[in-house]
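The values are calculated or read from the model by the stated rules, or taken from the named source; none is laboratory data. Remember, predicted model here, so these are calculated numbers, not experimental data. A quick note on method: Cβ atoms are made from the backbone with ideal geometry, for glycine too, and the neighbour counts reach across all protein chains shown.
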Ligand SMILES: Nc1ncnc2c1ncn2[C@@H]1O[C@H](COP(=O)(O)OP(=O)(O)OP(=O)(O)O)[C@@H](O)[C@H]1O
Ligand SMILES: [Mg+2]
């Protein structure tokens, strides 16, 4: 077998362009595939047609010559050629300098077609862009829903606070009516006394004894009611004062827990007793507004969990804080059913909920995660405690970040 002839056959008929040119670009040889693709005839080659005419940009040819002058070989140079229909053919060019006795230095080149690869790359770049766009849209939708959830939570809280204030207001109002009645009676007695200073003659029906002792009771009741209203409004004022979502300042976590409990009382007061074990902790640099939101979400979740047991007896929510080295630690333990191990990995995902439609959107814990982990470089996790309930814990570093 004559290998030269076999190789020539192979080179002529494979689907790569093979060609040989002088350094000036004059074709010495072009295989059949190249001739067909570029529309070049053997006659044109003999007449000295130049390869440079087929490069889309002359810089590609200049790069090739530069590399060959430096090291006699060039690999994987991306080039674009114009085919016979005026369409762009993108290829990788591999070349070397061959010292030919008759012609002097000639360039041997092979070009393989990478058009499909390039269009695939373009397509995947387009897909990537579409994906990034879809991702952004998802993020926007998440933020909108998170905002809506916050508004809904605020609405529910406002209703709860109104209810909490309404109750003492109700008895203060009715007490005030009784006091007005008693005042009338006392006024008429005084008038009698003024008219007739002889006290012996004024008839004591026993009614006055009742009025005086009841007055004492209702004044005490009013005082308690007004104190309850003051506690709630003070908490509301502090929570409302937190301001900007992105600013961090020294924050009293224990006070924030008390405020959130006061404001959210209507959410848990018939469901759970609250037990507190708040340690002596320093002020912590954080965004109060966001941390209040975390506290509220965790308290409401704990209350929902206990409620789901449908027990006649009240459950228990234990809230603890402590300082552990340079971390502030918060944990809330409930006497609910605990978190099913099968869903433990999902509960911090956005939109994951086991609650019926209308009761939960599944955003609460994902917001908590975002606030603690992303905004405050902390950690948040859940464990089931021995008694069966869930314990959610978060830690926040004490240093400013
Ligand atoms: N204390 C808990 N005990 C048991 N399961 C819990 C507790 N807290 C949360 N979960 C589970 O985690 C899920 C996700 O909670 P998350 O707060 O993110 O959403 P949600 O409470 O269902 O709805 P949303 O908070 O948006 O109103 C809940 O549906 C529930 O299954
Ligand atoms: Mg929730």
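Residue pairs whose Cβ atoms lie under 8 Å apart, sitting 6 or more positions apart in sequence or on different chains, and linking a residue in the range 358-369 that is more than 11 Å from residue 380 (Cα to Cα) to a partner that is in a loop (DSSP other than H, G, I, E, B) and within 6 Å of ligand 1 (Cβ to nearest atom), are 360/353; 360/354; 361/353; 362/352; 362/353; 362/355.
Residue 339 fulfils the conditions (1) at pLDDT 95 or above; (2) within 16 Å of ligand 2 (Cβ to nearest atom); (3) touching a helix residue (DSSP H, G or I) at 6+ places or on another chain (Cβ under 8 Å) except for a single criterion, (3). Quick one: would you say residue 329 is away from ligand 2 (no atom under 16 Å from the Cβ), more than 23 Å from residue 265 (Cβ to Cβ) and either crowded, with 16+ Cβ neighbours inside 10 Å or not assigned by TED's automatic domain parsing to the domain that holds residue 257 (or both)? Here the answer is yes, as residue 329 does meet what is asked. Of the numbered criteria (1) more than 14 Å from ligand 1 (Cβ to nearest atom); (2) surrounded by fewer than 20 Cβ atoms within 10 Å (Cβ to Cβ); (3) in a strand (DSSP E or B), the one residue 399 fails is (3). Identify all residues within the range 347-382 that are out of contact with any helix residue (DSSP H, G or I) (no Cβ under 9 Å at 6 or more places or on another chain) and within 8 Å of ligand 1 (Cβ to nearest atom); write none if there are none. Once the filter is applied, which keeps residues that are out of contact with any helix residue (DSSP H, G or I) (no Cβ under 9 Å at 6 or more places or on another chain) and within 8 Å of ligand 1 (Cβ to nearest atom), the range 347-382 yields only 362. Does residue 354 qualify as being surrounded by 17 or more Cβ atoms within 10 Å (Cβ to Cβ), within 13 Å of ligand 2 (Cβ to nearest atom) and more than 19 Å from residue 288 (Cβ to Cβ)? Taking the combined requirement at face value, the residue does not satisfy it. Here the condition is being outside any helix (DSSP H, G or I), away from ligand 2 (no atom under 16 Å from the Cβ) and either touching a residue at least 12 places away in the same chain (Cβ under 8 Å) or touching a helix residue (DSSP H, G or I) at 6+ places or on another chain (Cβ under 6 Å) (or both); of 172, 107, it holds for 107 alone.
Among the numbered conditions (1) touching a residue at least 40 places away in the same chain (Cβ under 8 Å); (2) part of a helix (DSSP H, G or I); (3) surrounded by fewer than 19 Cβ atoms within 10 Å (Cβ to Cβ), the only one that residue 294 does not meet is (3). Per the conditions (1) in a helix (DSSP H, G or I); (2) over 22 Å from residue 89 (Cβ atoms), the sole criterion not satisfied by residue 12 is (2). Among the residues that make up the range 218-226, is at least one of them surrounded by 18 or more Cβ atoms within 10 Å (Cβ to Cβ), on the phi < 0 side of the Ramachandran plot and within 24 Å of the chain's Cα centre (by Cα)? Checked the range 218-226: no residue is surrounded by 18 or more Cβ atoms within 10 Å (Cβ to Cβ), on the phi < 0 side of the Ramachandran plot and within 24 Å of the chain's Cα centre (by Cα).
Within the range 89-103, the residues that satisfy the criterion of being part of a strand (DSSP E or B) and either modelled with pLDDT of 90 or more or surrounded by 12 or more Cβ atoms within 10 Å (Cβ to Cβ) (or both) are 89, 90, 91, 92, 93, 94, 95, 96, 97, 98, 100. Within the range 357-370, the presence of at least one residue that is within 11 Å of the chain's Cα centre (by Cα) and more than 13 Å from ligand 2 (Cβ to nearest atom) is confirmed.
Determine whether residue 31 is surrounded by fewer than 17 Cβ atoms within 10 Å (Cβ to Cβ), touching a strand residue (DSSP E or B) at 6+ places or on another chain (Cβ under 9 Å) and under 27 Å from residue 8 (Cα atoms). Here the answer is no, as residue 31 does not meet what is asked.
Here 221, 203, 280, 273 are screened, and the one residue that is assigned to a loop (DSSP other than H, G, I, E, B), over 24 Å from residue 374 (Cα atoms) and modelled with pLDDT of 90 or more is 280.
Residue 143: within 16 Å of ligand 1 (Cβ to nearest atom) and without any contact (Cβ under 8 Å) to a residue 40 or more places away in the chain, yes or no? When the stated conditions are applied, residue 143 passes them. Summed over the range 41-81, the residues that are buried (at least 16 other Cβ atoms within 10 Å of the Cβ) and touching a helix residue (DSSP H, G or I) at 6+ places or on another chain (Cβ under 7 Å) give a count of 7.
Tell me, which residue of the range 305-323 that is part of a helix (DSSP H, G or I) and surrounded by 19 or more Cβ atoms within 10 Å (Cβ to Cβ) is nearest to ligand 2 (Cβ to nearest atom)? Here the residue is 305.
Within the range 274-291, the set of residues being within 17 Å of the chain's Cα centre (by Cα) and either buried (at least 24 other Cβ atoms within 10 Å of the Cβ) or over 15 Å from residue 394 (Cβ atoms) (or both) comprises 289, 291.
A quick yes/no check of all residues on (1) free of Cβ contacts under 8 Å to residues at least 24 places away in the same chain; (2) more than 55 Å from the chain's Cα centre (by Cα):
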| residue | (1), (2) |
| --- | --- |
| 33 | yes, yes |
| 43 | yes, yes |
| 47 | yes, yes |
| 59 | yes, no |
| 62 | yes, no |
| 65 | no, no |
| 76 | yes, no |
